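This report concerns only the one structure given below.
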Amino acid sequence: MSDLDTILISWNTDDVIDRSNELGTALTRHQARIVLSNVASGHDANIGINWDVIDTHIDLYLSNLKNNK
């Protein structure tokens, strides 16, 4: 199989940080790594990873932070 037979789409912590800033929150790089890890392990393969999925995981992460205080 050659590289022509494969596509890779990547998301990184900068995407998560930039998106959280757009949503009015500021995540650290460490927090963005946690969100990105949660996205990778918790996304629905039928939907894939998109901005709505990222938004949901940011919201879930922030909600968990609030509830654990």
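For this structure, a couple of remarks:
- Computed across the chain, the Kirkwood hydrodynamic radius from all distinct Cα-Cα pairs reaches 12.9 Å.
- The calculated 222 nm mean residue ellipticity attributable to helices in the chain amounts to -19000 deg cm²/dmol, summing -39500 (n - 2.57) over DSSP H runs of n ≥ 4 and dividing by all residues.
- Most positive-pole-ward Cα, 65, 38, 51, against dipole of the chain from beta carbon charges: 65
- About its Cα centre, the dipole of the chain is roughly 500 debye, where the only charges are +1 on Lys and Arg Cβ and -1 on Asp and Glu Cβ.
- Around residue 24: net Lys/Arg minus Asp/Glu count, Cβ-Cβ under 13 Å: -3
- Between residue 40 and residue 56, the simple spin-label model (points 7 angstrom out along Cα→Cβ) gives 1.9 nm.
Read-outs throughout are calculated quantities, based only on the coordinates presented, and are distinct from any laboratory measurement. Quantities reported herein were computed from a predicted structural model and do not represent experimental measurements. Neighbour counts are summed over all protein chains in view; Cβ atoms, including those assigned to glycine, are modelled from backbone coordinates with ideal geometry.
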